[in-house]
Amino acid sequence: MKRFVCVVLLVVLVGLGAGCKDKEAQAALAEMKAQAELEARNIELVKTMIAELDKGNAEILLKLYAPDSKYYFPSNSPKPMSREDEVAMIKMFYAAMPDLTHKIVDIFAVKDRVVLRLTGSGTQQAELEGIPPTGNKVTISAICIFRIKDGLVVEEVEEADMLGLYQQLGMELKPKALVK
């Protein structure tokens, strides 16, 4: 009889242990599913922003960015731009290249960040940062990292091939003349 009670007790304990592990596994699975859903929403937020920018809607940033968001461009800039400064910069580019469109090359999310690699293409039809209209078709590549909190962008860090853009607009990079 003791043996029977021990076996029953052992089976109950194993069953309880397995039940606890199942609950832990279910909790971990639920957490992973919630994270995956959050990352998918964050990717959609960035895709929505790009689609709206391609329609010339720079004000979309006022809706999708937190009021105190920070924009680092270039990425090593010690002082970030505000979302209003970023909107003004985007408007400047679209004024110079009204046909500017973007192509998403890569996009993925990790936790609260979305990494985006894209190209922008357009034709310079008006002055851009002191460069008179050239009529040149240009393509620029960029990598952006967005940090998203509560459904809003709170930080963006961007690296873009500005030297390549300026060269496509006819600018030359020359070394300084040697002083003798």
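The values are calculated or read from the model by the stated rules, or taken from the named source; none is laboratory data. Predicted model, so just to flag it, every value in this text is computed and none were measured. Positions of Cβ are backbone-derived with ideal geometry, glycine not excepted, and every protein chain shown enters the neighbour counts. For accessibility, only protein heavy atoms count, side chains too; no ligands or nucleic acids. Shrake-Rupley method; radii C 1.70, N 1.55, O 1.52, S 1.80 Å.
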Handout entry: Accessible area of the chain belonging to carbon and sulfur atoms, whole % at 1.4 Å probe
Key = 62
Exercise for the section: Compute the distance in nm between two label points, each set 7 Å from the Cα along the Cα-to-Cβ direction, one at residue 171 and one at residue 110. Expected result: 3.2
Handout entry: Relative contact order of the chain, pairs being alpha-carbon contacts under 8 Å that are 6 or more residues apart, as %
Key = 18
Problem - Furthest towards positive pole of dipole, 58, 130, 95, structure part the chain, Cβ charges - result: 58
Problem - Greater than 21 Å apart at Cα, pairs in 55/137; 47/79; 23/149; 23/111 - result: 47/79; 23/149; 23/111
Exercise for the section: For every helix of n ≥ 4 consecutive DSSP H residues, a contribution of -39,500 (n - 2.57) applies; sum these over the chain, divide by its total residues, and give [θ] at 222 nm rounded to the nearest 500 deg cm²/dmol. Expected result: -15000 deg cm²/dmol
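What FRET efficiency do you get for residue 161 and residue 24 if R0 is 35 Å and r is their Cβ-Cβ distance, rounded to the nearest 0.05?
Numbers: r = 48 Å, r/R0 = 1.37.
Here the calculated transfer efficiency is 0.15.
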Exercise for the section: Give the percent of DSSP beta bridges with both residues in the chain that are antiparallel, rounded to the nearest 5. Expected result: 90
Completion exercise
Checking rank on 23-31, 94-102, with mean other Cβ inside 10 Å and highest first, the result is 94-102, 23-31
Exercise for the section: With everything on Cα atoms, drop me the angle between helix 2-54 and the longest principal axis of the chain, reported from 0 to 90° to the nearest 10. Expected result: 10
Handout entry: Probe 1.4 Å, accessible area per residue of the chain, Å²
Key = 66
